[in-house]
1. Listed residues ALA33, ALA82, ALA64; which is crowded, with 19+ Cβ neighbours inside 10 Å, part of a loop (DSSP other than H, G, I, E, B) and touching a residue at least 24 places away in the same chain (Cβ under 8 Å)?
2. Could you tell me whether ALA82 is at pLDDT below 95 and small (Gly, Ala, Ser)?
3. Out of segment 97-121, which residues are over 23 Å from ASP37 (Cα atoms) and not aliphatic (A, V, I, L, M)?
4. Out of (1) without any contact (Cβ under 8 Å) to a residue 60 or more places away in the chain; (2) part of a helix (DSSP H, G or I), the odd one out for HIS27 is which?
5. Could you please let me know if THR22 is within 15 Å of the chain's Cα centre (by Cα), not in a loop (DSSP other than H, G, I, E, B) and not basic (Lys, Arg)?
6. Among (1) more than 20 Å from ARG153 (Cα to Cα); (2) modelled with pLDDT of 95 or more; (3) among the small types (Gly, Ala, Ser), where does SER96 come up short?
Amino acid sequence: MASKPTELQVRPGVEADLGALTEIYNHYVRETAITFDTAPLTPRDRLSWLLSHPEDGPHRLMVATQPAPGTGTGTERILGYATSGPHRARPAYATSVETSVYVAPDAGRRGIGTLLYDALFKALADEDLHRAYAGITQPNEASVRLHTRFGFRRLGTFQEVGRKFGRYWDVAWYEKEL
């Protein structure tokens, strides 16, 4: 059966995705306090980040795509991505990951974050992992709902831990058993 033009797919991220992934991320850098980066990044800046997420292992990058409208087969638009990465650098933390989801600004409220997290946690199911953590800049009710839906529970809040746009922001920390 042929794919419908609006059909969403999730797959591992690859180097060819870097421009689109950087564009999505930079929206949140410029417009929100969701990330504490304060200056937009280039794809070159993000290359080592992308390469640290192979197709297997505990540190993954999943992208949501759909066929680009009005294009031939094989052309797709990236609508968002989810990652798992190191929680901390020291070896004893190896069975813990930090997760995140970013969705293109014009693709929100379509279930893309849910689709991405579902694929990410299924991909991680056979890995030697014990816990996933997520830091959510407050307020961000959409992210809180997404994480709660996936079994994360709130651990606590770092008060005024980051300064961006001339003010301090709290980050609530969530944990999920894997």
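The values are calculated or read from the model by the stated rules, or taken from the named source; none is laboratory data. Being a predicted model, the structure only gives us computed values, none of them experimental. No Cβ is skipped: glycine too gets one built from the backbone with ideal geometry, and neighbour counts run over all protein chains shown.
1. On the way: ALA82 fails: part of a loop (DSSP other than H, G, I, E, B); ALA64 fails: part of a loop (DSSP other than H, G, I, E, B).
Result of the check over ALA33, ALA82, ALA64: ALA33.
2. Details: at pLDDT below 95: no; small (Gly, Ala, Ser): yes.
No; evaluated as a whole, the condition is false for this residue.
3. Those that are over 23 Å from ASP37 (Cα atoms) and not aliphatic (A, V, I, L, M): ARG109, ARG110, GLY111, THR114, ASP118, PHE121.
4. Every listed condition holds for HIS27 apart from (1).
5. In short, yes.
6. Every listed condition holds for SER96 apart from (1).
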